[in-house]
Amino acid sequence: MKKIIALLMVLAMVFAVVACKTTPATPDTPDTPATDAPVNPDTPDQPVNPDASAAYKVAMVTDYGDITDESFNQATYEGCKEFCEANNVEFTYKKPSGDSTAERVSAVEAAIDEGFNVIVMPGFAFAGTVVEVAPKYPDTKFIALDVSMGDLLEAAVTAAGQQYDYNPDNWNLADFVDVSNTYCAVYQEELCGYMAGVAAVKLGYKHLGFLGGMAVPAVIRYGYGFVQGANAAAVELGIANEVTVEYVYGNQFFGDADITAYMDTWYQTKGVEVVFACGGGIYTSAVEAAKKVEGSKVIGVDVDQAAIIAGLGGEGMTVTSAMKGLAATVKATLTDVILKDNWAAYAGKVANLGLVSGDDPTVNFVQIPMESTQWADSFTQDDYKALVAKMFAGEITVSNDIGDMPATEITVNAYGNIKG
């Protein structure tokens, strides 16, 4: 019960505190708008809107994966399902027939045709879908996770036959499309990337790797945050001259033989000890390579990937995971929108979610897992809590600039893309 209350309180606070307690929002994820979202802590399980279960039907649409991907889709699905079952709200999910905007639009429209009026969509790939369906179905509420203002503008400007310059400040989305029935939530990936970088170095790893999927803003923020965290920990420990990060993008969101071979070189030839594999299924190549070298490790992303990595590579391979609170976001948003009838606080907005507590890391929208991180005397749960407290208080700041690689005292070797 305390956790449920905490989540509801988190939502009420998130719009007011994210921007001021963490690093500034990126250009394509504007500062979180303020909200007066109501909270009912005395009866958190009782709907303020007595007709909620009758008025709303929730559908979740997967991007190009499925609900067992141990990542974005599964976390979102489980959050939706848990909320709907607890509150007697009808729920379903749809999986597009393929990986294209047209096929995602078709899946969304199938749900709407069946009477579902709240559509939850996880992943930046839904930007084009939002641009197409939002104005077409004004009475439907769309919730898009990890879809930024920049993503929406790229889709809308391109659809209008113009050239997008990747500078959101130069454009007004309303000039191209009406998304006033859409709420987008994006995350400060640089913060949990930073936490993972600090953890890796303090747990004794000195030769690190970052394997990104595609060089999209979210992946870059993860990577640059990881580099900043590794650098900060190395400087604190006085070992900056001993720590190296190898840095590359696969240029795709799945592993294959070519990327596995590249990872083989890192682990077997360069002596990389742990790789932060960041981007869809690309982690499979890191795991395949790591299990060939005894003691090699992987860092997961988006959700706690310890279990799925253990299934592929063996127990104990995952040092930690840089996580987004996808399920928490879904449950908190649906609670406020459906039970509290507070859609007005969300409609047409893009929220940038990060730290909302300096005392309890588990309620933050970006974190590393308390349960599966390989804690040691050199980096304990208490050390992690102290780190989060300093980040929340602004004593530690993390840049979210996705331009140049952060300046560091450690060595960073950047290689561009593995595949053209």
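Values for this structure:
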{"read-out": "Among (1) closer than 14 Å to A196 by Cα; (2) more than 18 Å from the chain's Cα centre (by Cα), the one test that A347 misses", "value": "(1)"}
{"read-out": "Selection count, segment 139-166, where residues are within 15 Å of V105 (Cα to Cα) and assigned to a loop (DSSP other than H, G, I, E, B)", "value": "1"}
{"read-out": "Candidate set from segment 281-313 (those that are surrounded by fewer than 22 Cβ atoms within 10 Å (Cβ to Cβ) and in contact with a helix residue (DSSP H, G or I) (Cβ under 9 Å, 6 or more places away or on another chain)); member that is nearest to E371 (Cα to Cα)", "value": "I308"}
{"read-out": "Inter-residue pairs, beta-carbon under 6 Å, first touching a residue at least 24 places away in the same chain (Cβ under 8 Å) and buried (at least 24 other Cβ atoms within 10 Å of the Cβ) and in segment 179-202, second assigned to a helix (DSSP H, G or I) and of a type in the set (D, E, K, R), 6+ apart", "value": "E189/R221; E190/R221"}
{"read-out": "Residue within segment 232-252 that is among the hydroxyl-bearing types (S, T, Y) and surrounded by fewer than 24 Cβ atoms within 10 Å (Cβ to Cβ) present", "value": "yes"}
{"read-out": "Qualifying position, being within 27 Å of F210 (Cβ to Cβ), among the small types (G, A, S) and touching a strand residue (DSSP E or B) at 6+ places or on another chain (Cβ under 6 Å), among A310, A306, A327", "value": "A306"}
{"read-out": "Pick from segment 163-177, criterion surrounded by 14 or more Cβ atoms within 10 Å (Cβ to Cβ) and of a type outside the set (F, W, Y), ranking: modelled with the lowest pLDDT", "value": "P168"}
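Conditions (1) under 28 Å from K57 (Cβ atoms); (2) of a type outside the set (D, E, K, R), marked per residue:
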residue: R104; (1), (2): yes, no
residue: A110; (1), (2): yes, yes
residue: E190; (1), (2): no, no
residue: P217; (1), (2): no, yes
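The values are calculated or read from the model by the stated rules, or taken from the named source; none is laboratory data. Only a predicted model underlies this, so the values are computations on that prediction, with no experimental measurement involved. Because the Cβ atoms are built from the backbone with ideal geometry, glycine has one as well, and the counts that use them run over all protein chains shown.
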